[in-house]
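Participant: This is the structure I have questions about; it appears just below.
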Amino acid sequence: MLIRVPPLHPLRESDVTPEAVYRDRRRFLAGLGLAGAALAVPGLARAAVRQPAELAVGNRSELAGGEAVTDYETVSTYNNYYEFGTGKGEPARTAHTLRTRPWTVRVEGECAAPGTVDIEELLTGLEERIYRHRCVEAWSIVVPWVGFPLSRFLQRFRPTGNARYVAFETLYDPEQMPLTRSGVLDWPYREGLRIDEAMHPLAFLSVGMYGRVLPNQNGAPLRLTIPWKYGFKSIKSIVAIRFTERQPATTWQTMAPREYGFYANVNPEVDHPRWSQRRERRLGELWKRDTLMFNGYPEVAALYTGMDLKRYY
Ligand code: MTE
């Protein structure tokens, strides 16, 4: 049963909304896909901001070893989302052009029950998971994500015995995503997992964070959250999922295969060709800390038994 519980992190609107954004209500509403509707009726503006932004969350789990949660402002203003710019601060400024409603996700390929799901259907039975995240660029964050296990979602489509991998695709719309008019990456952004990785209980699909819907810059309305892998595996604004027999091409592996592998497990033993992966900087902290194998999620190790993780990086 779904229960409405107060957020773990009691926040005022001014706490959860980046200052620059809550000062500029028009842009904040646009980020929620509400600008037209809410601004047309000024008296409704406040209610319209609050109601759709909050999410009803059921179970909550702490999977970050009790580490302090990174503050919302940092997580929502220091982003990688190349469709909206390559600078860390750019997506928070520019991703308001993304329209997150209506939104559907197509699921196809090696499965008995392919189909298209409306995002609204995915906003019930939500859980919160506090996960560590580590970017390949050696910074990390701790975030209370809101969503549901990826396995629960994938099972609905009844993958066949030929489904050995799962491929994910981000929206590609140059009108909404300014940088996709450039050749910075090979669009649309693509990612993939082996099916057993995708079915692991830690693999998660997020629709929110900090008890609220995802801001566009963090991957609204639906993103992958794979805490034991480098952040680039956590693909944002997903529109298509495909079960495949062969390992799918992924964006970063296609762009720079020597630097970014298909597996991309957080592994301090395997340096990026241009920098070490031994240490990381938790955003908001001064001193670097050691990076942990699988980002501190040893429960996934069994997925890689017998694999040479220097070769399959
Ligand atoms: N998804 C898309 N579509 N485009 C991107 O550029 N960047 C990835 C990943 N997902 C990216 C993406 C990278 S490199 C990281 S580190 C994470 O998103 C960052 O997620 P965050 O901004 O929520 O911290």
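Participant: Give just the number: which of (1) closer than 18 Å to Tyr172 by Cα; (2) open to solvent by less than 40 Å² (accessible area, probe 1.4 Å); (3) touching a helix residue (DSSP H, G or I) at 6+ places or on another chain (Cβ under 7 Å) does His96 not satisfy?
Facilitator: Checking His96 against (1) closer than 18 Å to Tyr172 by Cα; (2) open to solvent by less than 40 Å² (accessible area, probe 1.4 Å); (3) touching a helix residue (DSSP H, G or I) at 6+ places or on another chain (Cβ under 7 Å), the one that fails is (2).
So that you can scan it fast, the table gives a plain yes or no per residue for (1) away from the ligand (no atom under 16 Å from the Cβ); (2) at positive phi; (3) open to solvent by 10 Å² or more (accessible area, probe 1.4 Å); (4) under 11 Å from the mean Cα position of the chain (by Cα):
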| position | (1), (2), (3), (4) |
| --- | --- |
| Phe153 | yes, no, no, no |
| Thr160 | yes, no, yes, no |
| Arg164 | yes, no, yes, no |
| Tyr189 | no, no, yes, no |
| Ala220 | no, no, no, yes |
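Participant: Let me ask something else about it. What are the residues in segment 166-176 that are closer than 15 Å to Tyr82 by Cβ, open to solvent by 40 Å² or more (accessible area, probe 1.4 Å) and either assigned to a loop (DSSP other than H, G, I, E, B) or small (Gly, Ala, Ser) (or both), if any?
Facilitator: Across segment 166-176, the qualifying residues are Tyr172, Pro174.
Participant: Looking at segment 249-283 only, could you name the residues that are touching a strand residue (DSSP E or B) at 6+ places or on another chain (Cβ under 6 Å) and open to solvent by less than 20 Å² (accessible area, probe 1.4 Å)?
Facilitator: Matches in segment 249-283: Thr250, Thr251, Ala264, Asn265, Val266, Glu280, Arg282, Leu283.
Participant: Within segment 222-234, how many residues turn out to be more than 15 Å from Ala95 (Cβ to Cβ), assigned to a loop (DSSP other than H, G, I, E, B) and within 11 Å of the chain's Cα centre (by Cα)?
Facilitator: The number of residues fulfilling the criteria is 3.
Participant: Please verify whether Val136 is surrounded by fewer than 20 Cβ atoms within 10 Å (Cβ to Cβ) and closer than 28 Å to Trp252 by Cα, treating the condition exactly as stated.
Facilitator: For Val136, the condition - surrounded by fewer than 20 Cβ atoms within 10 Å (Cβ to Cβ) and closer than 28 Å to Trp252 by Cα - is met.
Participant: A further question follows. State all residues of segment 237-247 that are open to solvent by less than 20 Å² (accessible area, probe 1.4 Å) and in a loop (DSSP other than H, G, I, E, B); if no residue qualifies, say none.
Facilitator: Across segment 237-247, the qualifying residue is only Ser237.
Participant: Would you be able to tell me the number of residues in segment 99-109 that are open to solvent by 10 Å² or more (accessible area, probe 1.4 Å) and more than 22 Å from Ala53 (Cβ to Cβ)?
Facilitator: 3
Participant: Looking at (1) out of contact with any helix residue (DSSP H, G or I) (no Cβ under 7 Å at 6 or more places or on another chain); (2) of a type in the set (D, E, K, R); (3) at pLDDT below 95, which is the one condition that is false for Arg181?
Facilitator: Exception for Arg181: condition (3).
Participant: Here is a check on your reading of the model: is Val107 more than 22 Å from Phe262 (Cβ to Cβ), among the aliphatic types (A, V, I, L, M) and part of a strand (DSSP E or B)?
Facilitator: no
Participant: Here is a further query. If you take the residues of segment 289-313 that are of a type in the set (D, E, K, R) and over 15 Å from His133 (Cα atoms), which of them is surrounded by the most Cβ atoms within 10 Å (Cβ to Cβ)?
Facilitator: Checking each candidate, the answer is Glu299.
One line per residue, one yes/no per condition, for (1) away from the ligand (no atom under 16 Å from the Cβ); (2) in contact (Cβ under 8 Å) with a residue 60 or more places away in the chain; (3) among the aromatic types (Phe, Trp, Tyr):
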residue	(1), (2), (3)
Asn216	no, yes, no
Tyr260	no, yes, yes
Phe294	yes, yes, yes
Tyr297	yes, yes, yes
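Participant: Right, another one. Give segment 222-241 a look and list any residue that's within 12 Å of the ligand (Cβ to nearest atom) and β-branched (Val, Ile, Thr), or say none.
Facilitator: Selection gives Thr225, Ile226, Ile235, Ile238, Val239.
Participant: When both residues are 6+ apart or on different chains and their Cβ atoms are under 7 Å apart, which pairs have a first residue that lies in segment 65-89 and is at pLDDT below 95, and a second that is open to solvent by less than 30 Å² (accessible area, probe 1.4 Å)?
Facilitator: Gly65/Gly296
Participant: Tell me which residues, restricted to segment 75-100, are more than 9 Å from the ligand (Cβ to nearest atom), part of a loop (DSSP other than H, G, I, E, B) and among the hydroxyl-bearing types (Ser, Thr, Tyr).
Facilitator: The answer is Thr100, and nothing else.
Participant: Quick check on this structure: which one of Leu179, Leu205 is outside any loop (DSSP other than H, G, I, E, B), within 29 Å of Thr97 (Cβ to Cβ), among the aliphatic types (A, V, I, L, M) and open to solvent by 20 Å² or more (accessible area, probe 1.4 Å)?
Facilitator: Exactly one of Leu179, Leu205 is outside any loop (DSSP other than H, G, I, E, B), within 29 Å of Thr97 (Cβ to Cβ), among the aliphatic types (A, V, I, L, M) and open to solvent by 20 Å² or more (accessible area, probe 1.4 Å), namely Leu179.
The values are calculated or read from the model by the stated rules, or taken from the named source; none is laboratory data. None of these values were measured; they are calculated from a predicted model. Backbone-built Cβ (ideal geometry, glycine too); neighbour counts: all protein chains shown. To get the accessible areas, we keep the full protein, side chains included, count just its heavy atoms, and leave off ligands, DNA and RNA. Shrake-Rupley method; radii C 1.70, N 1.55, O 1.52, S 1.80 Å.
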